[in-house]
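The values are calculated or read from the model by the stated rules, or taken from the named source; none is laboratory data. Quick caveat, the model's predicted, so the values are computed rather than measured. A quick note on method: Cβ atoms are made from the backbone with ideal geometry, for glycine too, and the neighbour counts reach across all protein chains shown. Just the protein is used for accessible areas: all its heavy atoms, side chains included, with ligands, DNA and RNA removed. Shrake-Rupley method; radii C 1.70, N 1.55, O 1.52, S 1.80 Å.
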Amino acid sequence: MTHALPQLDRLFLTDGGLETDMIYNRGVELPFFASVMLLRTPEGREALSEYFRSYLDLARRLGTGFELVSASWRASPDWAPQFGLSYEELDALNRKSIELLIELRNEYRDVPTVVSGCIGPRGDGYDPGRVMSAEEARDYHRRQLSTLACAGADLITALTMTNIPEAVGIALAARSLDVPVAISFTVETDGRLPTGDTLDQAIAAVDKATGGYPAFYMVNCAHPDHFWGALFNGDAAIHRLRGIRANASRCSHAELDAMTELDDGNPEELGRLYRQIREALPGISLLGGCCGTDLRHIAAIADACLQERPAMTSAA
């Protein structure tokens, strides 16, 4: 089934690195990197609302669309015991993550907005660990996916996918529920998934296993320098890539894991890199950030990508 998604037809922004922004810029404690836990208190909920409003204000000012992505990246069933929650309590937080975004969409009716339910990897976002079969991944992720979809998400976005079978399983779970899904892979500094697969191989494999079900693909949690070469290898599968959420830092995943201070890179330089990517691959229409990025980076990316190209002049 084909799902109409406006972020495929015009420029849409999305947010930056929610968790790193909260921890390093706003002084918010997020055990296990789990922003969903903010929804347990009025203060946490307001912090999330304020965070998303700043991005919606940017989209309003620039006249772009905006994809609201729920604070549920680390909120799949395995994490409930580590949070000291029952599965039902974690389900409730997943629902609240979507309800908050729907409220914000209603508040910003003049901004074309899509509400996306975010799913992260079962384990670590940098290390695939034990790779599940596609069937196991389908069954594992179906609970959270169904919860987010039933709460009103327009689509599901699976961020920081480290391996092909887990991405296939999520896509199959989404297909079983007739919910559109976007799959976003992460890559190491060599442009390959942590499992060694190339980006185009991963996209092609998921499409083959699911009948091309994902609405589109993305890359996230890596600097453009890391995946630049992978974008221009000429493989047709790369043209299924429609979104980028890059890191601010050029550091590897291992280096980022060991850091105690935030590396926020250079927002203007990151914006220029996004512009160069879009000039080569104009189908990329969803622009956001990941670790180390905040509103400054997304504003710089938007400004760079919305600049009119200089007119060509003929020689005298």
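If you scan region 242-259, which residues turn out to be open to solvent by less than 20 Å² (accessible area, probe 1.4 Å) and under 21 Å from Arg10 (Cβ atoms)?
First, pick out the residues of region 242-259 that are open to solvent by less than 20 Å² (accessible area, probe 1.4 Å): 243-249, 253.
Correct list: Gly243, Ile244, Arg245, Ala246.
What about Asp127, is it at pLDDT below 95, of a type in the set (D, E, K, R) and open to solvent by 30 Å² or more (accessible area, probe 1.4 Å)?
Working: at pLDDT below 95: yes; of a type in the set (D, E, K, R): yes; open to solvent by 30 Å² or more (accessible area, probe 1.4 Å): yes.
Taking the combined requirement at face value, the residue satisfies it.
For region 33-44, which residues satisfy the criterion of being assigned to a helix (DSSP H, G or I) and within 18 Å of the chain's Cα centre (by Cα)?
Phe33, Ser35, Val36
Scan region 75-99 for residues that are closer than 22 Å to Leu13 by Cα and under 18 Å from the mean Cα position of the chain (by Cα) and jot them down.
Ser97, Ile98
Filter region 295-307 down to residues that are over 21 Å from Thr160 (Cα atoms), among the aliphatic types (A, V, I, L, M) and surrounded by 17 or more Cβ atoms within 10 Å (Cβ to Cβ), then give me how many there are.
Adding up the residues that qualify gives 4.
With respect to Val206, determine if the residue is buried (at least 21 other Cβ atoms within 10 Å of the Cβ), more than 24 Å from Gly17 (Cα to Cα) and not acidic (Asp, Glu). First the steps, then the outcome.
Numbers: buried (at least 21 other Cβ atoms within 10 Å of the Cβ): yes; more than 24 Å from Gly17 (Cα to Cα): yes; not acidic (Asp, Glu): yes.
Against the criterion (buried (at least 21 other Cβ atoms within 10 Å of the Cβ), more than 24 Å from Gly17 (Cα to Cα) and not acidic (Asp, Glu)), Val206 qualifies.
When both residues are 6+ apart or on different chains and their Cβ atoms are under 7 Å apart, which pairs have a first residue that lies in region 43-67 and is touching a residue at least 40 places away in the same chain (Cβ under 8 Å), and a second that is open to solvent by 10 Å² or more (accessible area, probe 1.4 Å) and of a type in the set (Gly, Ala, Ser)?
Matching pairs, first to second residue: Leu58/Ala299.
What's the number of the only condition in (1) at pLDDT below 95; (2) open to solvent by less than 60 Å² (accessible area, probe 1.4 Å) that Gly17 fails to meet?
Gly17 satisfies all of (1) at pLDDT below 95; (2) open to solvent by less than 60 Å² (accessible area, probe 1.4 Å) except (1).
Name the single residue that is surrounded by the most Cβ atoms within 10 Å (Cβ to Cβ) among those in region 135-161 being in contact (Cβ under 8 Å) with a residue 60 or more places away in the chain and part of a loop (DSSP other than H, G, I, E, B).
Ala153
Under the condition of being aliphatic (A, V, I, L, M) and closer than 17 Å to Ile119 by Cα, which residue from region 31-48 is most open to solvent (accessible area, probe 1.4 Å)? Give the derivation first.
From region 31-48, those aliphatic (A, V, I, L, M) are 34, 36-39, 47-48; that's our starting set.
With the extra rule that they be closer than 17 Å to Ile119 by Cα, the set shrinks to 34, 36-39.
Values: Ala34: 1, Val36: 1, Met37: 47, Leu38: 19, Leu39: 9 Å².
Among residues in region 31-48 that are aliphatic (A, V, I, L, M) and closer than 17 Å to Ile119 by Cα, the one most open to solvent (accessible area, probe 1.4 Å) is Met37.
For the structure I just gave you, tell me whether Asp91 is more than 24 Å from Phe216 (Cα to Cα), touching a Ser or Thr at 6+ places or on another chain (Cβ under 6 Å), open to solvent by 10 Å² or more (accessible area, probe 1.4 Å) and among the acidic types (Asp, Glu). Reasoning before the result, please.
On the way: more than 24 Å from Phe216 (Cα to Cα): yes; touching a Ser or Thr at 6+ places or on another chain (Cβ under 6 Å): yes; open to solvent by 10 Å² or more (accessible area, probe 1.4 Å): yes; among the acidic types (Asp, Glu): yes.
Yes.
Considering only residues that are more than 21 Å from Tyr55 (Cβ to Cβ) and aliphatic (A, V, I, L, M), look in region 260-294 and name the one that is surrounded by the fewest Cβ atoms within 10 Å (Cβ to Cβ). Let's see the steps before the verdict.
If we filter region 260-294 for residues that are more than 21 Å from Tyr55 (Cβ to Cβ), which is where we start, we get 260-261, 263, 276, 279-283.
Then keep just the ones that are aliphatic (A, V, I, L, M); that gives 280-281.
Working: Ala280: 11, Leu281: 16.
That would be Ala280.
List pairs: first in region 75-87 and over 18 Å from Arg142 (Cα atoms), second among the hydrophobic types (A, V, I, L, M, F, W, C), Cβ under 8 Å, 6+ apart or cross-chain?
Gln82/Phe32; Phe83/Phe32; Phe83/Ala34; Phe83/Met37; Phe83/Leu90; Leu85/Leu93
Tally time: how many residues in region 169-186 are open to solvent by less than 10 Å² (accessible area, probe 1.4 Å), among the aliphatic types (A, V, I, L, M) and part of a helix (DSSP H, G or I)?
4
Can you name the number of the only condition in (1) modelled with pLDDT under 95; (2) assigned to a helix (DSSP H, G or I); (3) more than 17 Å from the chain's Cα centre (by Cα) that Ala47 fails?
(1)
In this structure, is Asp190 assigned to a helix (DSSP H, G or I) and acidic (Asp, Glu)?
Working: assigned to a helix (DSSP H, G or I): no; acidic (Asp, Glu): yes.
No.
For region 206-316, list the helices (runs of 4 or more DSSP H) that sit wholly inside it and hold at least 2 residues that are of a type in the set (Phe, Trp, Tyr); which are they?
In region 206-316, the matching helices (runs of 4 or more DSSP H) lie at 224-231.
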